[in-house]
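Before any comments, here is the structure.
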Amino acid sequence: MADDKKKEHHNDSGKENLNRRKFFIAAGNAAIGIAALGSLGVTLDFLAPKVLLELPRRFVIGMLENMQPDSVTFDAEHRLIVFRDKQGYFYTLSAVCTHLGCIVEWKATGIPGHPEGVIACPCHGSVFNKTGDVIRGPAPRSLDRFKMYLEDEKVIVDMTEIVSEEEMILKV
């Protein structure tokens, strides 16, 4: 009878160990499977091409008839401010501050001494006039001015060509 208890106890104990062993084997296999899937994902990501899709540097900003004289247009996608003065001439300035690269804003009401409107950096206080020249720092230089063209009644900006104040005007 004592042998039966030992067998019974051994069977119960063996059965318990067997379940525990199966659990740990399953947990280990699951951990290995998760690690394998993770490493496969990282490997596939590494092998995939990493292409930066940049915006074209020469593009149509709008149709001539849609841009009214004495207007200012902000193009957030290309970070530009496009001006059309009262005479109908166009010019465009970068909306990226030359101090730390913040996006500047057009202030039509201007500031004391410059009531015709200014371009202001909301972060660090740089102020530029309508042609992009620095009025008040800390910006070290004027805003970039880009070449503009007119093709088939479309106004085109060429950001590959930074021009001087005299060359930035597109006369229409």
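Among the residues of the range 44-59, count how many are surrounded by 10 or more Cβ atoms within 10 Å (Cβ to Cβ) and more than 21 Å from Val155 (Cα to Cα).
Result for the range 44-59: 0.
Can you confirm whether the range 63-81 contains a residue that is within 30 Å of the chain's Cα centre (by Cα), surrounded by 10 or more Cβ atoms within 10 Å (Cβ to Cβ) and outside the structural domain of Arg136 (by TED's automatic domain parsing)?
No, the range 63-81 contains no residue that is within 30 Å of the chain's Cα centre (by Cα), surrounded by 10 or more Cβ atoms within 10 Å (Cβ to Cβ) and outside the structural domain of Arg136 (by TED's automatic domain parsing).
Pairs needed: first member in the range 83-103, in contact (Cβ under 8 Å) with a residue 24 or more places away in the chain and surrounded by 15 or more Cβ atoms within 10 Å (Cβ to Cβ); second member anywhere, among the polar types (S, T, N, Q) and part of a loop (DSSP other than H, G, I, E, B); C-beta distance under 8 Å; at least 6 residues apart or different chains.
Tyr91/Thr131; Leu93/Thr131; Cys97/Ser126; Thr98/Ser126; Thr98/Ser142; His99/Ser126
I'm told Pro138 meets every condition in (1) in contact with a strand residue (DSSP E or B) (Cβ under 9 Å, 6 or more places away or on another chain); (2) touching a residue at least 24 places away in the same chain (Cβ under 8 Å) except one. Can you identify the failing condition by its number?
It fails just one condition, (1).
Quick check: anything in the range 94-102 within 19 Å of Leu170 (Cβ to Cβ) and in the same structural domain as Val82 (by TED's automatic domain parsing)? Write out each step before concluding.
Looking only at the range 94-102, we keep the residues that are within 19 Å of Leu170 (Cβ to Cβ), and these are 94-95.
Okay, now just the ones that are also in the same structural domain as Val82 (by TED's automatic domain parsing), so 94-95.
Yes.
Could you pull out the residue among Lys171, Lys130, Lys154, Lys147 that is of a type outside the set (S, T, N, Q), more than 23 Å from Leu55 (Cα to Cα) and assigned by TED's automatic domain parsing to the domain that holds Glu77? Even if it seems obvious, please write down each step before you answer.
Values: Lys171 fails: assigned by TED's automatic domain parsing to the domain that holds Glu77; Lys154 fails: more than 23 Å from Leu55 (Cα to Cα); Lys147 fails: more than 23 Å from Leu55 (Cα to Cα).
That would be Lys130, the only listed residue that is of a type outside the set (S, T, N, Q), more than 23 Å from Leu55 (Cα to Cα) and assigned by TED's automatic domain parsing to the domain that holds Glu77.
As an exercise: evaluate Glu153 against (1) in contact (Cβ under 8 Å) with a residue 24 or more places away in the chain; (2) over 19 Å from Leu170 (Cα atoms); (3) loosely packed, with under 12 Cβ neighbours inside 10 Å and give the number of the one condition it does not meet.
Among (1) in contact (Cβ under 8 Å) with a residue 24 or more places away in the chain; (2) over 19 Å from Leu170 (Cα atoms); (3) loosely packed, with under 12 Cβ neighbours inside 10 Å, Glu153 violates only (2).
Would it be correct to say that Glu161 is assigned to a loop (DSSP other than H, G, I, E, B), modelled with pLDDT under 85 and in contact with a strand residue (DSSP E or B) (Cβ under 8 Å, 6 or more places away or on another chain)?
Considered against the rule, which asks whether it is assigned to a loop (DSSP other than H, G, I, E, B), modelled with pLDDT under 85 and in contact with a strand residue (DSSP E or B) (Cβ under 8 Å, 6 or more places away or on another chain), Glu161 comes out as no.
Only strands (runs of 3 or more DSSP E) wholly contained in the range 49-155 count here; list those with 2 or more residues that are touching a Ser or Thr at 6+ places or on another chain (Cβ under 8 Å).
58-63, 80-84, 90-94, 134-136, 145-151
The values are calculated or read from the model by the stated rules, or taken from the named source; none is laboratory data. Because the structure is a prediction, the values reported are computed rather than measured. For neighbour counting, all protein chains shown are included, and Cβ atoms are generated from backbone atoms with ideal geometry for every residue, glycine included.
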